[in-house]
Every structure is written in structure tokens, then in C-alpha cells.
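Shown next, in C-alpha cells, is the structure this report addresses.
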């Protein structure tokens, strides 16, 4: 069994961003960590996360909020512990939101996660990637600059 | 293909990142770009020059207008460049690993299957 413990992120087709990652724990446990707010808070950012809500049932919804931005949206489908599908609105903008499909498959004694972020169009994906450089990246840049500056 | 080091320097400035985000929506003139920012058109033009030299945007000549647009390969370049930040995603997944380890400790070792499996 080969584990991909480095997240593999790729652009596929015109509209998809795909993240693949393996976990050493079984799908039921990964499902809990991805869907129970008390657990989400622990890995998504416990101190700076102002609001952390997730109702991972078909017809449910989620809301993750930081000081300057939030992600929220409806849960379109939930099939524990195999598949979770939700729409991700950024800062309440519902016009260009990707649909995220997270699949958890047994992989040896662990889990192989495949997360597909599908945008409505190639333009929507390009805009999202470009926006990623605009929102909340200052700290990241400062850190990277510090690293590069140390070379 | 844009030079990544130069792309990095070009994108280290928040105004230039905002310009990139705006151009991802479609081409725009200097006037269009200056409007949402509280800085002058010459200042915007300087930012555009840096982005153009980094290979991220290009100028289209349309009569007397000079609209700027993202270069077709710029998004791919940005994406490659973002790969440098895989460490950040990696850190998030490693925290998730730690949460999973905690759950396993809570449940204790149980032979023959996942103790947390709950049928609906």
C-alpha cells in the first residue's frame, strides 16, 4: 500500500481543481474529522475561526467564518462515510461558487481522499485562482519572504 | 512562460494582486483599474509595468485604447507558483492527521474493524 501523505493538487479539464490525499485512518474516522464542528475546528484553525458550523446531511449546510472572510453553502449530498457534496460560497457570493465533492475510499487500512472542486466555467476557475492571490495572502507572503530573505 | 521568481516579486504587492484578480474577470483599461483604488493612474501604470515584465499580463492595442489582460498562460504560471504553498495545505492535512490520531486513542484499540463505524 502506497500512501500519498503529500497533498497532490492538480488542475484537470477546464473547470476542476483536484486534491488527493491519503490518511492512515479508516474512512469512518476521516468522515468524523471532516464533518463534526468540534473536530473541524481543531484542524481548520482553532484560534482564528470565529464560527464553525457543519450539518453534514443531505439538505444541511455549513458556515466557516474568519475575521475577514467566510465560506458557507448548502450540503447537496451526504453519504457517510463515503461521499460529501457541497457548494462553497465565498463571502456570501453565490454567483461563481464551486461544487466540492469529497470521496473517501478505503485504502488498505486507511483512506484515500479525492476532493474535486468544480467551477461553473474555465473563467470562474481562473478568477478563483487569481483571487486566491488577493485574499488573506499577506501573511503567507511575509512568511515566504522571510524564508527567501534568509537564503 | 513567465519567470516564477519575477512573478513572485510582482505578486508580493497587494495592489498588484488585486489587479490580477480584477483582470481575471476580463480585460480592463488603466482608467478601469484605477477606479477602485485610491491611487493615481500613473501609480497603477507602474504596477502594470511590473506585472507585464513578469509576463503575467499583456497589452492589447485597440485604436487609441490600451486595455490590459491576463496572459493566457498566466493562470497556469500562478498555479505552478502556488505549488510553493503546498506546505500550507500540507500543514492543514497534518493537523487533520493529528485529530484522527486523537480519535483513535479515544476509541482505543479494537480488533476486527473500525470501532466508530455507526450504521445509520
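Normalised by the number of residues in segment A:27-67, what is the relative contact order in percent for Cα pairs under 8 Å and 6+ residues apart?
31 percent
For the pair residue B:61 and residue A:66, how long in nm is the line joining their label points, each one 7 Å along Cα→Cβ?
4.3 nm
Could you tell me the center-to-center distance, by alpha carbons, between segment A:42-63 and segment B:11-55 in angstrom?
Cα centroid to Cα centroid, the span is 35 Å.
Pairs of alpha-carbon atoms within less than 8 angstrom and 6+ residues apart define the contacts here; what relative contact order does segment A:8-149 have, in percent?
The normalised contact order for segment A:8-149 reaches 23 percent.
Measuring from label point to label point, each 7 Å out along Cα→Cβ, what is the residue B:73 to residue A:14 span in nm?
Here the answer is 2.1 nm between the modelled labels.
Treat each spin label as a single point 7 Å out from the Cα along the C-beta direction, and report the residue B:46 to residue A:53 distance in nm.
Label-label distance for residue B:46 and residue A:53, simple model: 4.6 nm.
For segment A:1-95, just say rounded, prolate or oblate: build the C-alpha gyration tensor, square-root its eigenvalues into a ≥ b ≥ c, call rounded for a/c under 1.5, and beyond that prolate if a/b exceeds b/c, oblate if not.
Because its axes are fairly even, with a/c under 1.5, segment A:1-95 counts as rounded.
Please sort A:4-13, A:105-114 by packing, taking for each peptide the average over its residues of neighbouring beta carbons within 10 angstrom, highest first.
In decreasing order of mean packing, A:4-13, A:105-114 become A:105-114, A:4-13.
Can you put A:62, B:37, B:93, A:86 in order of Cβ neighbours within 10 angstrom, beginning with the fewest?
Least crowded to most crowded, the residues run B:37, B:93, A:62, A:86.
Could you give the distance between the Cα centres of segment A:65-122 and segment A:1-24, to the whole Å?
Result: 14 Å between the Cα centres.
Any read-out appearing in this document is the output of simple, stated calculations on the displayed coordinates, not a laboratory observation. As the structure is a prediction and not an experimental result, all values here were calculated from the model. For neighbour counting, all protein chains shown are included, and Cβ atoms are generated from backbone atoms with ideal geometry for every residue, glycine included.
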